[in-house]
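Encoded as structure tokens, the structure appears first; notes follow it.
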Amino acid sequence: MPSTVTAILVAHRDPDHLRRSLDALAAQTRPADSVVVIGVDSDDATTAQASASAPDQLLASAERMPFGTALGVASRVVPPTESDDAWLWFLGQDTAPEPEALQSLMDTVAVSPSVAVAGPKLVDWDEASVIREQGISMTRFGATIVPVQDEFDQAQHDGTSDMLAVPAAGMLLRQKVWEQLGGFDQGLPVFDDGLDLCVRVRLAGHRVVMVPSARVASAADGTSVPVRSPKGRVRRRQHRQRRSAQLRRRMVYAPAFALVFHWLSLVPLAVVRSLGLLLAKQPGAIGGEFAAAFQTAFGGNRLGHARSTLARHRTVKWAAIAPLRIPLSQVRRMRAQRREASLVRLHGERRELNFFSGGGVWVVLATALMSIALFAPFLGSSQLGGGGLLPLNGIGTLWSELGYGWRELGIGFVGAADPFTAVLAVLGSLTFWQPSFALVLLWFAALPLAALGAWFLSTRLTHRAVLRATFALIWALGPMLFDALQQGRPAAVLVHVLLPWLFFAGTAAKRSWAAAATTGILAAAVLACSPLLAAALVVIWAIGLALSGRGVVRMLLVPIPTIALFAPVVWQQIARGTPLAVFADPGLPQVGGARHPLQVALGFADGGLGGWRELAETFGLNQLVPTIVVPILLAPIAVLALLALFLRGTIRATLCLVGALLGFATAVFALNVSLSVQGSEPVALFVGPALSLYWLGLVAAATMALVALGRFAIGPATVAVAFVAVAVAPLAIAVPLQNSAVSTGATAALPAYATAQAQTKPRTATLRLSPQSDGSVAAQLVHGTGVKLDEQSTLSATSRTLTRQERELATLAGNLTSASGLDASTLLRHFGVSFVLLQTSAGEGLSQASAAQARAEAALDGNPLLTQVAATDDAVLWSVPAQKTTVPVPPDAGGWLRVAVFVLLGLVFGLTLLLALPTGRTERGTLRRPTAAEVLGLQAKRRERAEAEPDAAGRADSPPAEPESDTSATGVEEPRDEQPIGDASVAEPPLAAAGAMNGTSAEHDTEVVRDGE
């Protein structure tokens, strides 16, 4: 009996695709015996066009239904049969078979009676030499694998015939088998419909073959083949559909005894896979992961019917199809090859950073040697003191202080930790055996780390090694950095070190999840060190957000870590009516700093123009000399920055100067704003971090001017570096000349007598009394071995009122430091005071502080409750012999809120870190599938790269033929998720808020591939 073929074609609203499909069907050398066309969600035009082809049956439905459902509806008009010679051919309007396709399929099944399903090779709609899909298989664990996908067709796979499954599009299926198995599983509307049907066909005892000579063009418009779309919402929807299909097949295929275990594992597995998706830089797929799990678990999607259908028709065991599954080792090889192909396409538009060959390592080495020379007196020290430097607690205490809970400062209180505490915890963990030593390393590493960050940021501006070195050196020689180092301000030092890295990562944030997460963490760290920068960075972020296009979701991630870190302290400051106190400088409050806008404009954060006033006084020069010399030394930077506005790259230079203006405005605003107090003196905000932002914008704009000058840039660059070095020289040599506030050892430590007792009783309390310039005495309760840097709190430093406990402590201090008949034993016992320490740094004289010191010393000596046990040049120590006990920390300080805040911070930063990790997992969704043109050009691009590499090696140290400023502000390639940040050099405006001005949208360049497990 001759074979008969009924072609069923599913049409939708696309006249061009439908016309080509109908024409291709009519042009078959072996025509179909009957044709059934079904229009889904069809309009009059679709129906008329299908009718014009004169099909044997024409069906139309206003309902939008999946491909498998439409085939099931259309097959009902085909008369049932028991013959083995009746076949169904499934096509969609997005499939156009070549003239010999049906003939090849029929020739194959004619000589193989055991074959029930034959599938064609799916090729590109516009370029038939590109294979889009050839066969389907799955791993041992049921993940869908397409062995041959997006390859140039050289008949290299034509020898393969037996396959586990073939796509539904173009499938030729024995009609009797179709009727026996009940068609496609309606629970698989988009993905895995063909795979599932073929698995059931094989388990029913039939064969499935691939016919490479049968070629069908596929447009993938969603009718029979899932849409290939670059849009993010399409990819996210397809991930959910793909995962739902995999979970459904798992539940259908599982043996009965394992079904409950699979069901219980659905949601936990979604949690684990979500972490993997973060590592794979696919956070947008997490929602679909959970949706698929809950849909499978509670969707009521007729799993029982599917399982019974499978069991009813299965005649062979699962072991029969095991040889057709893809081994995991082969899966890894396939994915590695696809990753390599994707990177080959990308590397054609990227340049290596050449950190070693381009001179970056020499810049870092030079600044490291400079740092060792300038801070040589600190060599061998285990900790530093003076200025704002204090020791750090042990590693366990450092981390326990995060979030919300007991604050050990002074009397102690329950409150939110400063965000800076988290930075200190991370920093102290680097030298976990002695956290205070991390501050010593920071002082030595500040210059090379600043130069390193600036060098990497300069790769966004230029490819010329000399200009990169210029940028890095000028940044490392910034006056505000040396101000912070000499005044002992670790927070300001960290801001200067981190700012280049923040903008380096930020320029790629809109295109890369890893870069966006890294930017978020760095922004949180910078703002934790200097909340003053919040307004400026928010403006920069808002500009980037407005210009980020389809990368807006990534940009929205950036502030989340900062919000989580600051939320507890912001809430508490607002609750007590001091919202502006959020912007107070963290760490130990320090009095002093710049007080004039001219000093700010020159980049100096101190009041002496970086030591130039003292230098002029030493040589007997007029004080006007520094105000003339210093501006002249810094003039080249300003001139070059302004010149950049009139050269090539004006837009990017303008953005850099906007950043500089924001930093300058922030510094001027901070000049006369005091939010915290030190004793009786108000403490103005430190302008150093704002000046770092100001300096970064100026140096970036100046570098862009040098880029535009081309071969004439060497002279101005040399002058700029030399002049800046001279300008900061008095500050730089402050430590060797012993003019720095920083010294070795802990200058604020308690006398050894008190420290020895605190070693055995950590809660030993010492009442520290410090005479003030107005004649008052400041009182502070110190527990343990002394005040620690991580114990400092802006909640305490910015408090406007005294608590009852603080008023009682003030009463105790006042009566101890003056002749009074009050019996202080009750208050001493209440606060657990074991020692009283009087600071004697005021010395002898006629000042109010000296008078207060003398009065206090006399009163303490005459107090019968106290016994003098030690005296130094700076302090006198009395003990309280009657004090035998210490006051413990209140139990459960912070309550449930402490746990909640800690868990919130852990979740936010843990998930953000997972996104930031450069895993390099590019084959599973972070790279899009190539176009046909890219597939065809892949071999050519590989040859070009192979030919270019020897030439590039020879020109590694040479400047490019054309100035970098010729690079336009658009179309510049940025880092993607497939490589860690910094693997390639790109031209970006460093202050353009995460690269919002450059490149095309990442959404166009990414698509989740089909073969993810």
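The values are calculated or read from the model by the stated rules, or taken from the named source; none is laboratory data. In this text the structure is predicted, and so the values were computed from the model without any measurement. A quick note on method: Cβ atoms are made from the backbone with ideal geometry, for glycine too, and the neighbour counts reach across all protein chains shown.
Annotations for the structure displayed:
- Close Cβ contacts (under 7 Å, 6 or more residues apart or on different chains) running from residues in region 222-241 that are in contact (Cβ under 8 Å) with a residue 60 or more places away in the chain to residues that are part of a loop (DSSP other than H, G, I, E, B) and of a type in the set (Phe, Trp, Tyr) comprise PRO226/PHE191.
The rows are residues; the columns are (1) of a type outside the set (Lys, Arg); (2) under 30 Å from LEU905 (Cβ atoms); (3) at pLDDT below 90; (4) under 25 Å from the mean Cα position of the chain (by Cα).
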residue	(1), (2), (3), (4)
GLN337	yes, no, yes, no
LEU353	yes, no, yes, yes
PHE378	yes, no, no, no
PRO391	yes, yes, no, no
GLY403	yes, yes, no, yes
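- Selection from region 416-435 of residues that are among the aromatic types (Phe, Trp, Tyr) and surrounded by fewer than 22 Cβ atoms within 10 Å (Cβ to Cβ): PHE432, TRP433
- Selection of region 133-176 for residues being over 22 Å from ARG243 (Cβ atoms) and assigned to a strand (DSSP E or B) yields GLN134, VAL148, GLU151, PHE152, ASP162, LEU172, LEU173, ARG174.
- Residues of region 715-744 satisfying the condition of being loosely packed, with under 13 Cβ neighbours inside 10 Å and in a loop (DSSP other than H, G, I, E, B): LEU737, GLN738
- Boolean, ARG648 is in a helix (DSSP H, G or I), of a type in the set (D, E, K, R) and surrounded by 15 or more Cβ atoms within 10 Å (Cβ to Cβ): no
- Scanning region 181-226 for residues that are small (Gly, Ala, Ser), on the phi < 0 side of the Ramachandran plot and under 43 Å from the mean Cα position of the chain (by Cα) yields GLY187, GLY194, ALA217, SER218, ALA219, SER224.
- Hey, ALA116 part of a helix (DSSP H, G or I) and among the aliphatic types (A, V, I, L, M) or not: no
- GLY587, sole failed condition from (1) free of Cβ contacts under 8 Å to residues at least 24 places away in the same chain; (2) outside any helix (DSSP H, G or I): (1)
- The set of residues in region 807-837 that are without any contact (Cβ under 8 Å) to a residue 12 or more places away in the chain and acidic (Asp, Glu) contains only ASP823.
- Wholly within region 749-826, helices (runs of 4 or more DSSP H) carrying at least 1 residues that are surrounded by fewer than 17 Cβ atoms within 10 Å (Cβ to Cβ) and in the same structural domain as LEU865 (by TED's automatic domain parsing): 752-760, 804-816
- Among (1) in contact with a Gly (Cβ under 8 Å, 6 or more places away or on another chain); (2) assigned to a helix (DSSP H, G or I); (3) closer than 30 Å to GLN93 by Cα; (4) not acidic (Asp, Glu), the one test that VAL225 misses: (2)
- Search result, residues across region 629-675 that are hydroxyl-bearing (Ser, Thr, Tyr) and within 13 Å of LEU532 (Cα to Cα): THR666, SER674
- Top-ranked residue in region 187-216 [being among the β-branched types (Val, Ile, Thr) and closer than 16 Å to ARG132 by Cα; ranked as surrounded by the fewest Cβ atoms within 10 Å (Cβ to Cβ)]: VAL211
- Within region 40-60, considering residues that are in contact with a Leu (Cβ under 8 Å, 6 or more places away or on another chain) and under 20 Å from GLY222 (Cα atoms), the one surrounded by the most Cβ atoms within 10 Å (Cβ to Cβ): ALA50
- Entry remark, region 857-880: residues being within 15 Å of LEU767 (Cβ to Cβ) and free of Cβ contacts under 8 Å to residues at least 24 places away in the same chain number 3 in total.
- Test: residue in region 193-215 that is among the β-branched types (Val, Ile, Thr) and touching a Ser or Thr at 6+ places or on another chain (Cβ under 8 Å): yes
- Of all residues making up region 691-734, the number that are of a type in the set (Gly, Ala, Ser), farther than 17 Å from ALA366 by Cβ and out of contact with any His (no Cβ under 8 Å at 6 or more places or on another chain): 11
- Test: residue in region 669-680 that is farther than 19 Å from ARG595 by Cα and at pLDDT 95 or above: no
- Single condition GLN241 does not satisfy, out of (1) at pLDDT 90 or above; (2) in contact with a Lys or Arg (Cβ under 9 Å, 6 or more places away or on another chain): (2)
- Options VAL908, VAL903: the member that is modelled with pLDDT of 90 or more and loosely packed, with under 14 Cβ neighbours inside 10 Å: VAL903
- Residue match in region 607-628 (condition: surrounded by 14 or more Cβ atoms within 10 Å (Cβ to Cβ) and within 36 Å of the chain's Cα centre (by Cα)): no
- Within the option set LEU675, LEU640, LEU580, LEU655, being more than 29 Å from the chain's Cα centre (by Cα) and either surrounded by fewer than 18 Cβ atoms within 10 Å (Cβ to Cβ) or closer than 26 Å to ALA702 by Cβ (or both) holds for one residue only, LEU640.
- In region 230-245 there is at least one residue that is buried (at least 23 other Cβ atoms within 10 Å of the Cβ) and in contact with a Leu (Cβ under 7 Å, 6 or more places away or on another chain).
- Members of region 62-90 found to be aromatic (Phe, Trp, Tyr) and assigned to a helix (DSSP H, G or I), listed by number: PHE67
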